[in-house]
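One structure is given below, encoded as structure tokens.
Where a number appears in this text, it was derived from the coordinates with a stated rule and is not lab data. Computed from a predicted model, the values in this text were never measured in an experiment. Glycine also receives a Cβ, built like all others from the backbone with ideal geometry; neighbour counts cover every protein chain displayed.
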Amino acid sequence: MLTAAGVASQLSNGSLTVGLIGIAVDSAGNVYAADNSGNRIIEYPNGGAAEVVAISGVTLSGPAGVVVDGSGNLYVADSGNNRIVKITNGVVSLGSLTVSNPRALSIDSPGNLYICDSGNNRMIEVPASGNPAIVLSTGSAITLNAPVGAAISGSGDLYIMDAGNNRIVVSSQGHRADPDLCEHCAGIDQPR
């Protein structure tokens, strides 16, 4: 873990054996990691020992991505079960989205959730407003192939790690709701 001075420190797993693949940090500095091989989420509380996040009534299978929104809700890309799991104060809710091998999640400042739907070669935006999900990047000039990572810049641009095409695609903040997302996208190595 990087400290304010830029010095790396290590979070201890204690006796947990882990196969970490995804990571998120909440506003309090707690770190959440997707333990892909252990089928669980591990929390590293700020200043505390690692512990498994209690998830009642749901069994994870190969979780690959995690993200925490501004209200402290934890979202998990449950890849092996082809679903997104939302955990609020230990209470689990399952989305109704049809996804295949979701790999990574990101969330912007208004609370819109972005899902790398890797098996379906697309990105999905779930608006914070509760409106229906928007499928990004289908039927466009630039076709995604196994997106596995996403990040939101400070200006709201969406960066998509398009693994199957060995590139990063950038979607400008003001253009994501367009029917043809990638009309406004460019590879990271090309000017926008």
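Annotation: amide H of Arg40 within the under-5 Å range of Asp35, sequence separation 5 or more or interchain, hydrogens built in the peptide plane. The phi-based Karplus calculation (6.51 cos²θ - 1.76 cosθ + 1.60; θ = phi - 60°) puts the 3J(HN,Hα) values of region 46-55 at 4, x, x, 8, 4, 8, 7, 6, 6, 10 Hz, whole numbers, x for Gly and Pro. The phi torsions of region 91-107, fed into the Karplus equation with coefficients 6.51, -1.76 and 1.60 and a -60° offset, translate into couplings of 8, 9, 10, 10, x, 9, 5, 9, 10, 10, 6, x, 10, 8, 10, 8, 9 Hz, rounded to whole numbers, with Gly and Pro shown as x.
Cα gyration tensor of region 45-106, axes a ≥ b ≥ c as square roots of the eigenvalues: rounded (a/c below 1.5), prolate (a/b > b/c) or oblate? Prolate, since a/c reaches 1.5 and a/b exceeds b/c.
Remark on Asn82: its backbone amide H falls under 5 Å from those of Asn101, a criterion applied only to residues 5 or more positions apart or on other chains, H modelled at 1.01 Å from N.
Positive contributions from Lys and Arg (+1) and negative ones from Asp and Glu (-1), summed over other residues with Cβ under 14 Å from the Cβ of Val58, come out at +2.
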